[in-house]
Amino acid sequence: MKKTDVCIIGAGASGLCAAINVHRNYPDCSITLLEKLPRVGKKILSTGNGRCNLTNVNVVPSSYNNPDFVTPVLEKYSPAVVVEFFESLGLKTFTDREGRVYPRSNAASSVLDALRFACQNDKTEVLCEYITESVKAQDDGFVINNDLFCSVLIISCGGKASPSQGSDGSGYVIAKSLGHSVTPVLPSLVPLNVLPEKVRALKGVRASNVKLTLFDEEGSDTSVGEILFSDRSVSGIAAMELAAFAESSLRGGNDPILSIDFLPEFEKEELNEYLRSISIIRANQPVDNMLSGILPKSLGISILKECSLYYGGALIDGFNDEMIASLTNMIKDYKINVYGTRGFQSAQVTKGGVDLSLVKSASLESKLKKGLYFCGEILDVDAKCGGFNLQWAFASGLASGELK
């Protein structure tokens, strides 16, 4: 039987960081990275629209769903420390106005290369296209597939989001086989499916700085940002951040409704007064020009149609107070029924994962089995878009690689 000191299942963002930190802290240790895909770090290449938004300077524990758990790791491996770590690998970065950190090359491949190159040493072996079918715990370590023994095991196989990039939920099976429970998992950061007839005319329309509220009979969730309409879905960061709530609502037998406030910077009374003034200023203009300047043209026309105010030959001069009030309400509360999401296949992140009550928050070692560690998305830790999830992947990988 082949033997290695440390085995890491999953060579993605967190697994690669874990391998690098194990080697830095224990240079004499033999390390074996197991990856089911033909190459390591495939998911990294698709992050940040191919640019890899590797962290965010605004990260704080409250950015995550379980802030108390992530605090010790983030205190030690803050965004600044993660940036320093990548600089130690030869990667230069820059920060945009939103606090998002990118490689100076603007190419995700640069981030992956930095991690890959650091794993190319005589103590680290990478086995690609290796399917982990079983893990058995022993008193002195772990046996993988009945042919590989390791003293320490780090599980970093990701969640269920984007299975084509390696995260297919198989890590949960391994975790359960070692006595760990898994909280319900949901696709997160994924487009919302809506009725085609409601959005088909808006296909390709992008709206910025909108406020979304997704609600059902039992609760609600909100987000602010950009959305993009397709012929049967609403995407964009603001919409995708509500996907986990939508999935949870639908699984609970509810019927979630998305309310869009296209102009959240206006109070309703303020908007109503503004539209009244526009009806005077543009009195001799056709009605399809009523919302020009505050909303994209096709979106404005769609809202006018929803209010039954769009008809051939009509002029804005014909608008009365009741019509303007109807238009105001529609802009501030444009409702769309949500019947699903695009699921794990298109999701960027998994909500839920290995139960944190069974994992030590500082070291990420299992409370059930000495020498067993978890890092990355397999844990019940998630956050919004903008580099927050990759920050956790890198930070937790580095923390688990301390083997403390």
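At-a-glance table
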| item | result |
| --- | --- |
| Sequence ranges 8-18, 179-189, ranked by mean other-Cβ count within 10 angstrom, highest first | 8-18, 179-189 |
| Residue (of Asn66, Ile331, Pro27) at the positive-pole extreme of the chain, dipole from beta-carbon charges | Pro27 |
| Region 388-404 residues near the modelled Asn121 label - backbone nitrogen below 19 Å, point 7 Å along Cα→Cβ | 394-404 |
| Per-residue Cβ neighbour rank within 10 angstrom, fewest leading, Thr350, Thr55, Thr213 | Thr213, Thr350, Thr55 |
| Contour excess over end-to-end distance, with Cα ends at Asp231 and Ser181 and 0.36 nm allotted per residue | 14.1 nm |
| Where a label projected 7 Å from the Cα of Ala283 along Cα→Cβ would reach, residues of region 310-334 with amide N under 13 Å | 316-320 |
| Cβ-based exposure ranking for Asp321, Asp355, Asp221, in which fewest neighbours within 10 Å come first | Asp321, Asp355, Asp221 |
| Helix 297-306 vs. the chain, principal-axis angle (Cα, 0 to 90°, nearest 10) | 70 |
| Part-to-part distance (alpha-carbon centres) for region 348-390 and region 275-314, which is given in Å | 50 |
| Degrees, to the nearest 10: 388-400 long Cα axis against longest axis of the chain | 10 |
| Which of Lys367, Lys384 has the fewest Cβ neighbours within 10 Å, and the rest in rising order | Lys367, Lys384 |
| Contour excess over end-to-end distance, with Cα ends at Glu322 and Gln138 and 0.36 nm allotted per residue | 58.8 nm |
| Semi-axis lengths (Å, descending) of the ellipsoid that matches the C-alpha gyration tensor of region 1-121 | 25, 18, 14 |
| Spin-label pair Ala362/Asn254, simplified geometry with 7 Å Cα→Cβ offset, distance in nm | 3.9 |
| Estimated distance in nm for a label pair at Asn145 and Lys305, the labels positioned 7 Å out from Cα along Cα-to-Cβ | 5.5 |
| Difference of contour (0.36 nm per residue) and Cα-Cα distance, Ala314 to Glu269 | 13.7 nm |
| Cβ-Cβ FRET estimate between Lys2 and Asn66, R0 fixed at 41 Å, reported to 0.05 | 0.65 |
| Computed helical MRE - 222 nm, the chain, DSSP H runs ≥ 4 contributing -39500 (n - 2.57), nearest 500 | -8500 deg cm²/dmol |
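Where a number appears in this text, it was derived from the coordinates with a stated rule and is not lab data. Just so you know, these numbers come straight off a predicted model, no measurement behind them. Note that each Cβ is placed from the backbone with ideal geometry, even for glycine, and that neighbours are counted across all protein chains shown.
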